[in-house]
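Read through the structure below, which is laid out as structure tokens, and then see the notes.
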Amino acid sequence: MAGSVTDWVAGKIDPRENLCVVGRTLEDFLLVQYKDNPPFAVAVIGVQDVILESHVSPLFSHATKPDFVVNVPSKALWTGGAISLIHAAPAAFGTFGDIGRAASGGKVHGFRNKNWEFFRKAILQHTNVMAVDRLYDEVFEVHRRKGRNLKVALVEGYHVSAEDVRNARERFGGFDIAVKKTGYGSVTQAARDAAASMGAEAVAFKELMQRLAK
């Protein structure tokens, strides 16, 4: 499986985007070059559902360690344990499209999804928050100074709908708060009602900051 998905990624890398595969390591990591920069190592895995620490730890047990880890298919969930291990290496992770973003950003191993990092840092800086644990790539457990812990899930959608909330529930499991990922659009009343039926809330970012204080 790993070999087939590695071949698939290698075949998708487009020189027209200033990226090219210049070789492979003994571990079958792709050596990818961006413009005239030194090549970096990309490890490709093929986990279908949930990416665990045990899926990525073998990648870093070799003499050559990857700078970037990509999974095919992109819809799989990355657990907090897998993310922490990758970041500690240090390395980065993401989708196929993130390979180019990481390469163009400079230090490939330092790449972080800007949207996820925005929420993590904003929540952590709240005066009523002591710590933020990452359960999945888009789900955080927020430890508050006053009040119980809250599980916060990031939800896609320009106008977040009831279906968006239900899809998040199916994807992530239970949560306390579904927060809209972008500052554009809105959270519909139908989304709020759907969340309430699950014992949760659907909110925009500003509302999340207010909710963390309660």
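Readers should treat all values here as calculations from the given coordinates under stated rules, not as data from a laboratory. Keep in mind that what you see is a predicted model, and the values were worked out from it rather than measured. Positions of Cβ are backbone-derived with ideal geometry, glycine not excepted, and every protein chain shown enters the neighbour counts.
In the chain, Cα pairs under 8 Å separated by at least six residues give a relative contact order of 11 percent. All other residues whose Cβ lies under 13 angstrom from that of His159 are scored, Lys and Arg at +1 and Asp and Glu at -1, for a net of 0.
Antiparallel beta bridges, as assigned by DSSP with both residues in the range 2-110, represent about 45 percent of the total such bridges. For the chain, with a Gaussian network of springs between Cα atoms less than 10 Å apart, report the residue from Asp49, Asp67, Asp36 with the top mean-square fluctuation. Fluctuation is largest for Asp36. Take each peptide in 56-64, 11-19, 25-33, 172-180, count the other Cβ atoms within 10 Å of every residue, and average; sorted highest first, the result is 172-180, 25-33, 56-64, 11-19. Summing charges over all other residues whose Cβ lies under 11 Å from the Cβ of Lys121, with Lys and Arg as +1 and Asp and Glu as -1, gives +2.
Bridging of Lys146 to lysines at a Cα separation below 20 Å is possible for Lys121, Lys206, Lys214, once same-chain residues fewer than 8 apart are set aside.
Candidate cross-link partners of Lys114 among the aspartates and glutamates, defined by an alpha-carbon separation under 20 Å and a same-chain spacing of 8 or more, comprise Asp67, Asp98, Asp133, Asp137, Glu138, Glu141, Glu156.
Here the Gaussian network model covers the chain, with springs between Cα atoms less than 10 Å apart; of Ser161, Ser54, Ser104, Ser54 fluctuates the most. What are the lysines whose alpha-carbon lies under 23 Å from the alpha-carbon of Lys65, with same-chain residues fewer than 8 places away excluded? Result set, ordered by chain and number: Lys12, Lys35, Lys107. Could you point to the label whose value was computed as Cα extents along the principal axes in Å for the structure here, given [x] 53, 32, 30; [y] 40, 39, 33; [z] 52, 37, 33? Computed from the coordinates, Cα extents along the principal axes in Å corresponds to [x].
I need Trp116, Trp8 ordered by Cβ neighbour count within 10 Å, fewest first.
Working: Trp116 16, Trp8 13.
Result, fewest neighbours first: Trp8, Trp116.
Shape index of the range 114-212: Rg/Rh, with Rg the Cα radius of gyration and Rh the Kirkwood radius from the inverse mean 1/r over Cα pairs, equals 0.93. Taking Lys and Arg as +1 and Asp and Glu as -1, the other residues whose beta-carbon sits under 15 Å from that of Leu52 total -2.
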